[in-house]
Amino acid sequence: MAGVVRLVVYAGIVFVLLKILVWWLEPRMAFYPIRGVQDTPASAGLEFRDLRIPTDDAETLHAWWIEHPTPRGQVVFFHGNGGNLSLWLGLLVDMRRRGLSVLAVDYRGYGASTGSASERGLYRDADATLRIFSEKLRRKDVPTIYWGRSIGSSIAAYAASRAPALSSVEGPDGLVLDSPFPEVGAILAGNPVMQFLHLFSSYAFPTSRFLEQHERPLLVVHGDADSIVPFSAGRRVFEHARSAQKTFAVMPGADHNDLDHVDPDAYWKAVDAFVADLRR
């Protein structure tokens with residue numbers, strides 16, 4: 001009997017130690033921020049506004065508002081888990097040059113934003129961004145698009161689900177998800193060690209669950225050579241989405257970090273068609 005008790009105690013200790021280890025590891029494995037601002041839209045000849053966005057837990061986010069004088073649409077953009085706004089500048093410039101106004105925000109812990117990144121923190125960042133956009137920037141005469149890349153797809157899907165809970169916020173007219181995953185476990189399928197450790201994780205990023213609240217147009221874009229988020233994960237997001245009008249755009253030969261670079265014409269053709277449909 002004493003041996004059984006000792007076994008249970010040891011198992012409990014191992015469980016607690018693993019839980020602590022994973023809690024310590026998960027933000028370090030999920031987020032790869034770069035501090036500071038290395039470049040701005042001015043280097044591309046674009047006017048922009050530097051914004052500071054307060055969150056409800058006293059952090060301050062750095063954002064850019066890159067406004068088009070006659071926009072075809074307006075984008076709230078949530079970037080991937082690496083770098084900062086400067087790293088994503090090329091994509092933002094391309095959006096603006098294709099007739100889109102863009103609000104792009106650096107999550108807490110990224111760029112010139114304060115704090116440290118966490119899953120719950122990123123959701124709070126999204127709430128704060130939506131309030132500022134809705135109260136001060138949104139135009140009623142052009143469609144609004146929430147757009148996320150990689151981990152930002154989960155944040156964009158979360159944002160699209162928030163309109164009922166945020167009284168001053170209307171939902172998007174459309175949603176663009178680049179290289180999404182249904183939940184974080186889907187990107188660990190080929191790694192048994194990480195799958196085991198994920199059992200102790202508090203991170204979920206449940207993109208597909210957030211999409212249960214989204215019935216407006218959806219565009220999912222995924223590279224069929226993605227080595228970080230499996231192509232099958234993007235297909236699952238698309239197939240489980242409830243949107244009545246949804247499109248899945250395959251980028252042949254594209255990996256995770258060159259989605260819009262391998263065949264930019266094909267990438268922007270899919271985006272342009274999506275925006276055109278929203279304007280009808």
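The values are calculated or read from the model by the stated rules, or taken from the named source; none is laboratory data. The model shown is predicted, which means the values in this text are computed figures rather than measured ones. Neighbour counts run over all protein chains shown; Cβ positions are idealised from the backbone, glycine included.
How many residues, within segment 89-104, are over 15 Å from residue 267 (Cβ atoms) and either assigned to a loop (DSSP other than H, G, I, E, B) or of a type outside the set (A, V, I, L, M) (or both)?
Count: 3.
Please tell me if residue 263 is at negative phi, at pLDDT 95 or above, surrounded by 15 or more Cβ atoms within 10 Å (Cβ to Cβ) and touching a strand residue (DSSP E or B) at 6+ places or on another chain (Cβ under 7 Å).
When the stated conditions are applied, residue 263 passes them.
Cβ contacts < 6 Å: first residue without any contact (Cβ under 8 Å) to a residue 60 or more places away in the chain, restricted to segment 144-168; second residue of a type in the set (Phe, Trp, Tyr), any location; separation 6+ or different chain. Result?
154/205; 157/210; 158/123; 158/210; 160/146; 161/210
Determine if segment 201-218 includes at least one residue that is assigned to a loop (DSSP other than H, G, I, E, B) and of a type in the set (Phe, Trp, Tyr).
yes
Sort out which residues of segment 112-137 are of a type in the set (Val, Ile, Thr) and under 14 Å from residue 163 (Cα atoms), and write them in order of number.
129, 132
Would you check which residues across segment 233-246 are surrounded by 15 or more Cβ atoms within 10 Å (Cβ to Cβ) and either modelled with pLDDT under 95 or under 18 Å from the mean Cα position of the chain (by Cα) (or both) and list them?
Listed by number, the residues that qualify are 233, 234, 235, 236, 237, 238, 241, 243.
May I ask you to list the residues in segment 41-74 that are part of a helix (DSSP H, G or I) and touching a residue at least 40 places away in the same chain (Cβ under 8 Å)?
Those that are part of a helix (DSSP H, G or I) and touching a residue at least 40 places away in the same chain (Cβ under 8 Å): 41, 43, 44.
What number of residues within segment 256-268 are closer than 15 Å to residue 219 by Cβ, in a helix (DSSP H, G or I) and not aliphatic (A, V, I, L, M)?
Within segment 256-268, residues that are closer than 15 Å to residue 219 by Cβ, in a helix (DSSP H, G or I) and not aliphatic (A, V, I, L, M) number 2.
Does any residue of segment 194-217 turn out to be at pLDDT below 95, within 14 Å of the chain's Cα centre (by Cα), under 27 Å from residue 254 (Cα atoms) and surrounded by fewer than 17 Cβ atoms within 10 Å (Cβ to Cβ)?
Yes: one or more hits.
Need the failing condition index for residue 253 against (1) surrounded by 15 or more Cβ atoms within 10 Å (Cβ to Cβ); (2) part of a loop (DSSP other than H, G, I, E, B), just the number.
Result: residue 253 passes all but (1).
Of 39, 94, 56, 50, which residue is over 16 Å from the mean Cα position of the chain (by Cα), within 19 Å of residue 143 (Cβ to Cβ) and of a type outside the set (Lys, Arg)?
Step by step, each of 39, 94, 56, 50 is checked, and only 94 is over 16 Å from the mean Cα position of the chain (by Cα), within 19 Å of residue 143 (Cβ to Cβ) and of a type outside the set (Lys, Arg).
Sort out which residues of segment 138-161 are surrounded by 19 or more Cβ atoms within 10 Å (Cβ to Cβ) and basic (Lys, Arg), and write them in order of number.
Selection gives 149 alone.
Scan segment 112-135 for residues that are surrounded by fewer than 24 Cβ atoms within 10 Å (Cβ to Cβ) and not in a helix (DSSP H, G or I) and report the count.
Looking only at that region, the number is 6.
Of the residues 146, 158, 110, which is at pLDDT 95 or above, of a type in the set (Phe, Trp, Tyr) and within 17 Å of residue 60 (Cα to Cα)?
110
Report yes if residue 105 is within 23 Å of residue 44 (Cβ to Cβ) and of a type outside the set (Gly, Ala, Ser), otherwise no.
The answer is yes for residue 105.
Could you check residue 168 against (1) part of a helix (DSSP H, G or I); (2) surrounded by fewer than 19 Cβ atoms within 10 Å (Cβ to Cβ) and say which number it fails?
Looking at each condition in turn, residue 168 falls short on (1).
Is it true that residue 185 is more than 22 Å from residue 106 (Cα to Cα) and part of a helix (DSSP H, G or I)?
Yes; evaluated as a whole, the condition is true for this residue.
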